Amino acid sequence: MKLTSKQLNQALATRLAQEDNKQTTVSYLSAQDRETASQIYVEAFENDNLVSWLADLDENCVDHQQSMNDLNSYLNDFTNGYHLTGRERNTTVGVMNEDNELVGWMSLSPSADQGGRFKDLVSILRSGPPPMYKMKENYGAHSQKRLHEMDKITKARRECMKPTKKWFYLNTICVSKEYQRGKGYGSTLLRIMTDVADELDCAIYTETTSKELEGMYHHFGFDTVDTLTLAVPGDDSKDAECKVYLLRRN
């Protein structure tokens, strides 16, 4: 049987209850947290390898920062908007600092919710066209083709996890830049996630384009099961390829 949102939420709720007596506050996010969560995402991924490759921006681009922010805002809404609605299927967890301010969060998707195309259509209708289509002049010549190339990431995930029924996908994990180093907020979220997987006796799948983050995931029990190279025909620029590490924890 595939893992359902209800099963994942029950395990998450049990694990989050164990954090009540600890200094760090961790809880479900609600629709009211959506704006802050989006700001954290945009900030955390402003120099991300995959997003930079996707944007295909010239080094001398006048609106470089704004173009990256617009793209990250869109990607977050497309990927996580469904999870930040406050509905029953919400499997988005945030971590707060000592002032009870949201500084990081993660979103998870159970295997029963990986059925794809209808949910993708809903996301497209909700988020609208990607910024490289709305504001073509603000992005590189290969940006649109690179966006379609990213379908390979989804296909690789489905192929890798096809034999496995009970698993969940780490959609996103991000921490505000100010709190990324040595604060332990990201590790707190990852420990909760792996504890939940152990309780449910299920696998976890995720991807990264960072060699440093690949090593961090290895520390939490993930294995790199494959690598994927993204590239589009006719692109001979110096950053034409983007390497993606596909990771699984059993």
Taking 7 Å along the Cα-to-C-beta vector as the label spot, tell me the Asp63-Asn250 distance in nanometres, rounded to one decimal.
4.9
Under 13 Å from a label point 7 Å along Cα→Cβ of Ser237: give me every residue in region 128-142 with its amide N that close.
132, 137-142
Tally Lys/Arg at +1 and Asp/Glu at -1 over every other residue whose Cβ is under 14 Å from the Cβ of Lys152; what's the total?
0
In angstroms, what radius of gyration and Dmax does region 26-83 have, counting Cα atoms only?
12.7, 42
In square nanometres, what is the average projected area of the Cα convex hull of region 202-250?
3.8
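What does the extension gain come out to for Thr227 and Glu137, with contour length at 0.36 nm per residue minus their alpha carbon separation?
Values: separation 90, 0.36 × 90 = 32.40 nm, distance 3.18 nm.
Using 0.36 nm per residue and subtracting the Cα-Cα distance, I get 29.2 nm.
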Give, in whole angstrom and from largest to smallest, the semi-axes √(5λ) of the equivalent ellipsoid of region 128-183, with λ running over the eigenvalues of the Cα gyration tensor.
28, 23, 9
What number, rounded to the nearest 500 deg cm²/dmol, is the helix-based mean residue ellipticity at 222 nm of the chain, given -39500 (n - 2.57) per DSSP H run of at least four residues and division by all its residues?
-12500 deg cm²/dmol
Kirkwood calc, region 118-243, C-alpha pairs only, radius in angstrom 17.3
Computed lengthening from Ser73 to Lys162, 0.36 nm per intervening residue step minus Cα-Cα distance:
29.0 nm
Return the inverse of the average 1/r over all pairs of distinct C-alpha atoms in the chain, which is the Kirkwood hydrodynamic radius, in Å to one decimal.
18.8
Could you pull out the longest piece of the chain with no exposed loop GluC sites (Glu not before Pro) in it, calling a site exposed if DSSP puts it outside H, G, I, E, B and it has at most 12 other Cβ atoms within 10 Å?
102-240
Most mobile of Thr92, Thr208, Thr14 in a GNM of the chain (Cα contacts under 10 Å):
Thr14
Enumerate lysine pairs in region 120-226 that are 8 or more residues apart or on different chains, then count those whose Cα atoms are under 25 Å apart.
15
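Remind me, relative contact order of the chain in percent, using alpha carbon pairs under 8 angstrom and six or more residues apart? Before the final figure, lay out each step's value.
Values: 378 pairs, mean separation 60.8, N = 250.
Reported relative contact order: 24 percent.
Laboratory data are not the source of any read-out in this text; all were calculated from the coordinates shown. What you are looking at is a predicted structure, and each value in this text was computed from that prediction instead of being measured. Note that each Cβ is placed from the backbone with ideal geometry, even for glycine, and that neighbours are counted across all protein chains shown.
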